[in-house]
Amino acid sequence: MIRTLRKVRRRELLNTPGRFIALFLITVLGSGFFAGLQSAAPSMERTADVFFRETGLPDFRLYCDQGIAIEDAQAVRALPEVADAVPAYRVDVRAAIGTASSNYAIHSLPDSHREADRARLTLTQGRLPETPDECVADAYSHIRIGDVIAVNPDNAEATLRLLSERAFTVVGLTWSADYISIDRGNTNIGNGRIANFLYVPESAFDSPYYTELNVALANDAQLSAFSDAYGERTDEASELLSRLVQNRAEDRYGKTAEEIAAQIDAGEADYANKRSQADAGLSAAQAELQESEAKLNREEERYRQYVSEFNAGKETAAANRKALEDAGNALTASGEQLAAGRAALAAGRNALGELSLQRDALTAALASATDPAAIAALTEQLGALNAQMTELSVRLDAQEGELAAGEQAFQDGSARYGESKARLESAEAQLATKESELAAFRAELDRAAEALTAGRAAYEQEYASANEALDDARKELDEGRAALNDLPVPAWTVRGREDFPGHTGFRSDADRIGRMSLLLPWFLFLVAALVCLTTMTRMVEEHRTRIGVLKALGYRRRSIMGIYQFYAWFIGLFGGVIGVSLGLLIFPRVVWNAYATMYRMGEFMPAVAPVPCAVGLLGSTVAISLATAAACRRALDSNAASLMRPQAPKPGRRVWPERIPFLWRRFTFSQKVTIRNLFRYKKRFFMTIIGVAGCTALLLTGFGLQDSVDGVVDLQYGEVSHARATLLLNHASGAAEETPLNAGSDGYDIAYAHLAAVDASAGSRNNNGLVTYLYVPEDAEALNGFLSFRERRGHKPVLFPPAGEAPAAVITERLANAMGVKAGDEIAFSPPDMKEVSVRVAGVTENYVYNYIYLTSEAYKTLFGIAPTFTSVALKSDLPEADFNDLLAELVATENVTSALPVSQLREIMDQVIANMSAVVWLIIVVASALALVVLYNLVNINITERERELATLKVLGFYRREVAAYIFRETTTLTIIGILIGLVCGVFLHNYVIASIEVNEVMFARLILPKSYGFAIAFTLGCSLLIGLLMLPRLKRIDPVGSLKSVE
Amino acid sequence: MSVYVTFDEVTKVYRTGEVTTAALNGASFAVDRGEFCVVVGPSGAGKTTILNILGGIDRCSSGSVVVDGNDIAKMNEHRLTVYRRQDVGFVFQFYNLVQNLTALENVELASEICDNPLNPREVLDAVELSHRIDNFPAQLSGGEQQRVAIARAMAKNPKLMLCDEPTGALDGATGVQILKLLQKMSLDSGMTVILITHNTAITGMAQKVIEVRNGGIESVYRNADPKRAEEVAL
Ligand SMILES: Nc1ncnc2c1ncn2[C@@H]1O[C@H](COP(=O)(O)OP(=O)(O)OP(=O)(O)O)[C@@H](O)[C@H]1O
Ligand SMILES: [Mg+2]
């Protein structure tokens, strides 16, 4: 009995290969897709986790705004939960190779951890640095070994102080476990983005305080970094670390505060001391000054007395002089009188002499005179003369006596005069000495006065300076006190891996894949279950009679059920094992490869996700088994006799389209038949429609994915952005300033802008790790030629608010979606080193690569209160490629231009992404086609076997082969077309969903499906339908009317 | 009367694995045009085999089957289909109606494909089913279904009508009704009717009776005065 059943069982597997293959394939597909796709995300996570562990990725990075002391590291290390705490330096600088400067993150390689460093870094070329002036540089860059990277002198003072070197020679290129993705993270310098990283020996840093502390937790349990347990443990550890660093911060604060307070106290004492000293010294000086002043006043008094005495003397002398002079004058006058008297006397004498001569002459004449008359005349004359002479002589004598008396008086007067003169002269001489004495006195007094003034000034000055010094000291002390009052507590930041560059992105990518792999396989699973159910139902129906016979023969229910359950389990397990194995082999790797360009994490490590595998394996088995049980139960519940009677064929029924006569009448006869049949077999109807719709939706998604990714490049660089390159400038420039970029003349056109990476948020939602830039064109009008601001749907232009209105920003679509905002809502963002500002959204613009917040420069000024610096230049040109490249090279060589990024280079990166996406696309297409093939095959197979009798009848009636085929395939085709239509609709949604799931951070994929993709999806599905038709034609041909119509079985 | 069907030394061998069964071994007979012919014989004699070969839905292993001057044994698949389509009407023991079509549609199914069909409604009227034309097979009784099957065969206006135990599943009265219909057709339109039965009572209404036994023709005889169908007691 058992042997017979076994034989039946075996025959069942072998005799109906079509059914077997259909069930097997759908099981393989369902379980493979399920287990494979759901293992993709765990595989990504495992790969990452293994990489993290092998490279010793820290679990936390601690930062302290006042630097991290070695003691801090020791304190953290002392925690039992902590395996290691390694302090390190990292500083972000502007540095240049030649003239091309950009932002670098410089990390230290602790010399004592060379082994760990080796694990952390994967050298692609060269060696690790050995001297402080050497470095290894980012392998994902244009840096070459031998390049010298010079730190720009215009970096912040504190930044420069940290480094002992100013230039580093590249000795090796490396990947770093600190950077798992090509995203190097944000910074607060330059344009806000780190371009490349460098690793230098620790000795290249010069500071007792480290900038970061890498903390690795003890992980004895080897927890996966993506497990919930890890999350819990890090949450706990994070709290623990926060508490510890809080304590350390308070300690440090306490110590510093104490030090400062002690300093202040000492200063205070010193101050008081100085103050009293200064006061004493000053009052002594003041007393002295007062004394000298009094003395000076006394002397002054004395001087004044002397002066008045002198003046009196001088007056007397002057009076005397005057008298003397009068006397002298009188003397001179009397002298002159005397002289005149003498002269008159002498003249008298002379006249006497002459008279005498005359007398002589008369005498002589008398003597000689003979004429008495003459003698008488002469005698008379002589007598007269004698009288005259006597008179004259008397007069003369009197005169002479008078004169002699005058002379005597004169001589007396002269003597007296001489005497007074001598007296006067001595008095005058005395006065002269007195005068010079007085002058000396005066001079002395003046000197004393001067000395006093000087003394006073000196005093004043000393007083002032002493006061000033003291005031300074006071101020310093007050400041010290104030500083003590608001002495900052050191601020520590504990950052988990989610804050490490690239980690959030990776996590969300893995999550997205996980999310996507939740939906798609279920869908396939549903179809598979339907396929199984219809197939097994059909199988049991075909076996009615046999079941009836077995039942009649006394086989137990369980044994009969066993035949079919064996079949079900055999296919379920066999197909499941093959499916799960293939799925695990193919899907995770294809998905990983799609992300490989974005992430850098060592060897791919496939993970076997136990739940999906078990579900994939057992789920399909259980599904078939349940379908079998359901199908068998009805048969087994009927009694043997009714089973052995031919089964009443599924009765025909009117269907609802018949109730619309004007419609129904239009159908041809065969169309009516088809419509009735469609409604007759509901299970099959849904299986096929869902299957075909699924296939079409998947295909549309697949092809659409290609369009979306392909489209991005064309849309972004064809329709949205018209710039051909972006230049970055060393220092701000603008149209107003002198610039080497003489636009317009050399076949290119430029637009200046301010560009900075920002963090943005709206309410509780942030930009979700999206790379976001603030873009402020110098001239929003002029920018229009470089960027098209328009809505994606309908291409309605997006405008900045007119000047004068409240500032508002235009933001890009992906950013808007991530934050859930639309025009009119508020967003907040903060550029590096700037306060956070809030601004209204003026519009949402189409954009695919990166995310932007656009502001006019007026709005920027209004918001931040300062003018933006225009260091980014968009460049437009119609030059042929070669000339354009020459132009760029030329521009980069100019002093102010630090770098030039041609759009063609971005396109290259994008093309890489697309190439990787293609693998996913083809995977979807293959799976979808396989699904369609299996479902359609199964449908046609069941249709043919179930309706063999009907088909045989048609054959007997003389239907041509193509008519018979059409009779069956019209149904399939109709179902296919309905399925396709539904599938197209679902496909649009699925496409959107998948796109949103797999979108990478930098790029928004176009929500775009080209008409040709609709065409492809339809053609592929119809193609599958056709292929199945062709495959099934021989089956139709083989239908033997004789056999089919003989009886019922 | 001209000969319409000629079976000449027809053999049919079924081969299933090692076992070979000879369903027919050298059957020869002839049927005239317009003749009402009944094939009788015990179960397993080869009656159905003969009819299938004649109807062009099975092929003989050797021998020739000439219908209206054409050897259908030598026809290719397509010509055989054309032959079935234009010349043959087939009525089965188990009706074999298309369940999803109404009575009328089942008839139309046949009439649509041949060159000079009869009006389906008229044919259904002829089998007295005009009041049930919009019913599905499941809504009809066995006899009614069989009449639809006959109507379907008739609507093609075939030259050769083949019926494999059309009354097998029916009660006597219904069976007579069916037989009456067939006889009427044969008489009215000169259609050649070949009818299988293992009910010898029917032989009375045949113009020619062919007795089959063990894959061979045991005897062929004509009824000088065939009975009318109503006279047959089933
Ligand atoms: N497909 C087949 N394979 C093997 N043998 C067959 C096949 N069809 C018929 N036979 C054999 O051929 C012989 C004739 O069968 P056929 O169906 O013609 O008999 P029949 O006279 O119609 O019998 P019944 O009155 O029971 O219907 C039988 O012995 C049968 O076993
Ligand atoms: Mg038979």
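The values are calculated or read from the model by the stated rules, or taken from the named source; none is laboratory data. These numbers come from a predicted model, not from an experiment. Note that we place each Cβ from the backbone using ideal geometry, even for glycine, and neighbour counts take in every protein chain shown. Ligands, DNA and RNA are stripped out before the accessible areas are found, and what is left, the full protein with its side chains, is counted by its heavy atoms. Shrake-Rupley method; radii C 1.70, N 1.55, O 1.52, S 1.80 Å.
Data table
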item: Search result, residues across segment B:1-16 that are under 16 Å from residue A:1043 (Cβ atoms) and more than 16 Å from ligand 2 (Cβ to nearest atom); result: B:13, B:15, B:16
item: Residue list for segment A:463-481, restricted to those being open to solvent by less than 100 Å² (accessible area, probe 1.4 Å) and either farther than 17 Å from residue A:266 by Cβ or touching a Pro at 6+ places or on another chain (Cβ under 7 Å) (or both); result: A:464, A:465, A:466, A:467, A:471
item: Selection status of residue B:31, at pLDDT 90 or above, closer than 18 Å to residue B:210 by Cβ, open to solvent by less than 10 Å² (accessible area, probe 1.4 Å) and in contact with a Leu (Cβ under 7 Å, 6 or more places away or on another chain); result: no
item: Qualifying positions in segment B:24-54 - within 14 Å of chain A (Cβ to nearest Cβ), within 15 Å of residue B:64 (Cβ to Cβ) and more than 17 Å from the chain's Cα centre (by Cα); result: B:24
item: Test: residue B:106 is away from ligand 2 (no atom under 16 Å from the Cβ), crowded, with 24+ Cβ neighbours inside 10 Å, assigned to a helix (DSSP H, G or I) and not basic (Lys, Arg); result: yes
item: Selection count where residues are loosely packed, with under 14 Cβ neighbours inside 10 Å, among the aromatic types (Phe, Trp, Tyr) and over 20 Å from residue B:138 (Cβ atoms), scope segment A:652-668; result: 1
item: Some residue of segment B:37-53 being surrounded by fewer than 16 Cβ atoms within 10 Å (Cβ to Cβ) and among the basic types (Lys, Arg); result: no
item: Residues (closer than 16 Å to residue A:790 by Cα and in a loop (DSSP other than H, G, I, E, B)) located in segment A:804-823; result: A:822, A:823
item: Positions within segment A:941-975 being within 10 Å of chain B (Cβ to nearest Cβ), of a type in the set (D, E, K, R) and in contact with a Leu (Cβ under 8 Å, 6 or more places away or on another chain), in sequence order; result: A:949, A:961, A:963
item: Residue A:137 being hydrophobic (A, V, I, L, M, F, W, C) and closer than 28 Å to residue A:775 by Cα; result: no
item: Residue A:861 outside any strand (DSSP E or B), within 19 Å of the chain's Cα centre (by Cα) and surrounded by fewer than 22 Cβ atoms within 10 Å (Cβ to Cβ); result: yes
item: Condition broken by residue A:876, with the remaining ones in (1) farther than 23 Å from residue A:791 by Cα; (2) open to solvent by 40 Å² or more (accessible area, probe 1.4 Å) satisfied; result: (1)
item: Search result, residues across segment B:138-159 that are of a type in the set (A, V, I, L, M) and either within 12 Å of another protein chain (Cβ to nearest Cβ) or out of contact with any strand residue (DSSP E or B) (no Cβ under 7 Å at 6 or more places or on another chain) (or both); result: B:138, B:140, B:148, B:149, B:151, B:153, B:155
item: Exclusive hit being more than 16 Å from ligand 1 (Cβ to nearest atom) and within 14 Å of residue B:95 (Cα to Cα), set B:144, B:128; result: B:144
item: Among the candidates B:222, B:147, B:213, residue that is out of contact with any Ser or Thr (no Cβ under 8 Å at 6 or more places or on another chain), of a type in the set (Lys, Arg) and within 16 Å of ligand 2 (Cβ to nearest atom); result: B:213
item: Members of segment A:40-91 found to be assigned to a strand (DSSP E or B) and open to solvent by 30 Å² or more (accessible area, probe 1.4 Å), listed by number; result: A:63, A:65, A:66, A:83, A:84, A:90
item: Qualifying positions in segment B:55-74 - away from chain A (no Cβ under 11 Å) and surrounded by fewer than 19 Cβ atoms within 10 Å (Cβ to Cβ); result: B:61, B:62, B:64, B:66, B:68, B:69, B:70, B:71, B:74
item: Residue count, segment A:876-911 (criterion: assigned to a helix (DSSP H, G or I) and in contact with a Pro (Cβ under 7 Å, 6 or more places away or on another chain)); result: 1
item: Total residues in segment B:110-133, condition facing another protein chain (nearest Cβ under 7 Å) and crowded, with 24+ Cβ neighbours inside 10 Å; result: 1
item: Some residue of segment B:75-93 being crowded, with 18+ Cβ neighbours inside 10 Å, out of contact with any strand residue (DSSP E or B) (no Cβ under 6 Å at 6 or more places or on another chain), of a type in the set (Lys, Arg) and more than 8 Å from every other protein chain (Cβ to nearest Cβ); result: no
item: Extreme residue, modelled with the highest pLDDT, among residues of segment A:768-785 that are in contact with a Ser or Thr (Cβ under 7 Å, 6 or more places away or on another chain) and assigned to a loop (DSSP other than H, G, I, E, B); result: A:778
item: Candidates A:801, A:797, A:831, A:807 - the one that is open to solvent by 70 Å² or more (accessible area, probe 1.4 Å) and within 18 Å of residue A:777 (Cα to Cα); result: A:797
item: Test: residue in segment B:177-199 that is closer than 26 Å to residue B:43 by Cα, within 16 Å of ligand 1 (Cβ to nearest atom), more than 14 Å from every other protein chain (Cβ to nearest Cβ) and open to solvent by 40 Å² or more (accessible area, probe 1.4 Å); result: yes
item: When residues of segment B:160-176 are limited to those that are under 12 Å from the mean Cα position of the chain (by Cα) and farther than 21 Å from residue B:114 by Cα, the one nearest to the other protein chains (Cβ to nearest Cβ); result: B:164
